[in-house]
Amino acid sequence: MRLKNQALTPLQALVVILALFVFVGLGYGLYRVAEKFRHQRNVRASISKYLDGLRGQRDVLGQAVERYHAQLGFYPPNHSTSRTERASLNPLYYELVGTQWSTNYQSYRVPNAKETIKPETMEKIFHMNSFSNSLIGPSWPTNFANGLGVSGREEGEVILMGLALRKRSARKLTRIL
């Protein structure tokens, strides 16, 4: 019979240490498997919420485009030369918010923006030299994006369409993925 304070032999100590490693390893392995399944479940749920948000943004943008079409009788022009350009560099923001032609500066401007866009820049980037939803200043054309949460983001020399995804949602999805 062993006494309570009696030291273990080196072999017994080795067996105890190995047993602890095995139990800790098994526990950690089970934790990793369970965590993997939890993570996959969260990713699936987040992706569907994210896609629902994108569909909602698409519908909002579609409403603005349809209002444009109803008033002007045609859809916003897009003279991009490739599918990639059509998706990323297009004049949709300018067409939906409307532009004002400044005869003094010989350029277009959008509401709430200091910078203007010259026809040469439009030709280079959008492959067009005028906007359809435009009036000569001081008048402003119809802003079809008003109240829809549509915003512009500057990219190089132009402003591109942006629908603000909630930063919190985007960060959460990025952290989960």
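So what J values fall out for region 117-132 if you push phi through Karplus, 6.51 cos²θ - 1.76 cosθ + 1.60 with θ = phi - 60°, rounded to Hz, Gly and Pro as x?
10, 8, x, 5, 5, 4, 4, 5, 9, 9, 6, 8, 10, 7, 9, 6
Which ³J(HN,Hα) values, rounded to whole Hz and listed in residue order, are derived for region 134-144 from phi using the Karplus coefficients 6.51, -1.76 and 1.60 in 6.51 cos²θ - 1.76 cosθ + 1.60 with θ = phi - 60°, glycine and proline given as x?
Per residue, the Karplus-derived 3J(HN,Hα) values read 9, 9, 6, x, x, 6, 10, x, 5, 9, 6 Hz.
Restricting everything to alpha-carbon atoms, can you work out Rg to Rh for region 9-177 with a Kirkwood hydrodynamic radius? Intermediate results must be reported in sequence, preceding the final value.
On the way: Rg = 27.1 Å, Rh = 20.0 Å.
My calculation puts Rg/Rh at 1.35.
V60 versus K118, label points 7 Å from Cα toward the beta carbon: distance in nm?
3.5 nm
Here, each number is a calculation from the coordinates, and none is a lab measurement. Computed from a prediction, not measured in an experiment: that's the story for all the values here. Note that each Cβ is placed from the backbone with ideal geometry, even for glycine, and that neighbours are counted across all protein chains shown.
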